[in-house]
Amino acid sequence: MNKNEKFVITINREAGSGGRTVGEKIAEKLGVPFYDKALIQALMEKYNLSAEEIESLKGRKHDWWSEFKRVVGFERSISDSVINTPDMYNAADIFKREVEILKGIAESESCVIAGRSGFFVFEDHPNHLSILITAPLEQRIQRLMKKQGITAEEAKKTIENIDIARENYINKFTGTSRYDSRNYDLVINMEGKTEDQIANLILMYIE
């Protein structure tokens, strides 16, 4: 990946691994925006964008994403809102709209994206770095307990449910497994490491 040209870094991660935080730190250090699933879903919900409407926006303006953010006053804080995806959209339509938004963003600017299908969406992108971040189950449980103030049993159940949901989602819409290392340029185990250490390791790889 050449960081001197427009790039996209995608991060897939196991629940509780700290991968999202790593993505935020990388984006901050590189001086580029960070996007995640919650942000994209909130965008779709707030502005009720269909895949066709997104494609039309992209067709009308070369830098459609920057123009869109300027016109609607779009801010990152939207990701903190409660996400309730409209019932009118089925899973296939949601996936299609997410893909269109993500591709449009990457066409407009360099960015770091944490999401379930990033490695697939950008597999043919000319300047894309794909990363999978994992961690031992016990470490993930401890991190989730601390972050959410829940018991070990609750944390383990949450992780299991998220793991299953993410794997099913990836398999359904990409025909592969998110655990298949062939989908990534880097597979990193967080065991015994901090988010800052992993972020710095990735930046060293990019250099």
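Checking the structure you have, find out if any residue of segment 148-156 is charged (D, E, K, R), free of Cβ contacts under 8 Å to residues at least 24 places away in the same chain, open to solvent by less than 100 Å² (accessible area, probe 1.4 Å) and within 16 Å of Ala15 (Cα to Cα). Steps first, answer last, please.
In the first step, residues of segment 148-156 are kept if they are charged (D, E, K, R); the result is 153-154, 156.
Now narrow it down to the ones that are free of Cβ contacts under 8 Å to residues at least 24 places away in the same chain: 153-154, 156.
Within this subset, residues satisfying the condition of being open to solvent by less than 100 Å² (accessible area, probe 1.4 Å) are 154, 156.
Keeping just the survivors that are within 16 Å of Ala15 (Cα to Cα) gives 154, 156.
Within segment 148-156 (the criterion being charged (D, E, K, R), free of Cβ contacts under 8 Å to residues at least 24 places away in the same chain, open to solvent by less than 100 Å² (accessible area, probe 1.4 Å) and within 16 Å of Ala15 (Cα to Cα)), the answer is yes, since at least one residue qualifies.
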Quick check on segment 98-116. Is at least one of its residues in a helix (DSSP H, G or I), surrounded by 15 or more Cβ atoms within 10 Å (Cβ to Cβ), modelled with pLDDT under 90 and among the hydroxyl-bearing types (Ser, Thr, Tyr)? yes
With respect to Ser177, determine if the residue is touching a Lys or Arg at 6+ places or on another chain (Cβ under 6 Å), open to solvent by 20 Å² or more (accessible area, probe 1.4 Å) and not basic (Lys, Arg). no
Would you check which residues across segment 157-183 are within 20 Å of Leu129 (Cα to Cα) and either free of Cβ contacts under 8 Å to residues at least 12 places away in the same chain or out of contact with any Phe, Trp or Tyr (no Cβ under 6 Å at 6 or more places or on another chain) (or both) and list them? Ile170, Thr176, Ser177, Arg178, Tyr179, Asp180, Ser181, Arg182
Among the residues that make up segment 45-62, is at least one of them aromatic (Phe, Trp, Tyr), at pLDDT below 90, in a helix (DSSP H, G or I) and closer than 24 Å to Phe7 by Cα? no
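Is it true that Gly31 is out of contact with any Asp or Glu (no Cβ under 9 Å at 6 or more places or on another chain), open to solvent by 30 Å² or more (accessible area, probe 1.4 Å) and modelled with pLDDT under 55? Walk me through how you get there before you give the answer.
Numbers: out of contact with any Asp or Glu (no Cβ under 9 Å at 6 or more places or on another chain): yes; open to solvent by 30 Å² or more (accessible area, probe 1.4 Å): yes; modelled with pLDDT under 55: no.
So Gly31 fails the test.
Residues checked against (1) acidic (Asp, Glu); (2) modelled with pLDDT of 65 or more; (3) surrounded by 15 or more Cβ atoms within 10 Å (Cβ to Cβ); (4) part of a helix (DSSP H, G or I):
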residue	(1), (2), (3), (4)
Glu5	yes, yes, no, no
Ile9	no, yes, yes, no
Gly16	no, yes, yes, no
Leu39	no, yes, yes, yes
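The values are calculated or read from the model by the stated rules, or taken from the named source; none is laboratory data. Remember, it's a predicted structure, so these values are computed and weren't measured experimentally. Note that we place each Cβ from the backbone using ideal geometry, even for glycine, and neighbour counts take in every protein chain shown. We work out accessible area using only protein heavy atoms, side chains counted, and drop any ligands, DNA or RNA first. Shrake-Rupley method; radii C 1.70, N 1.55, O 1.52, S 1.80 Å.
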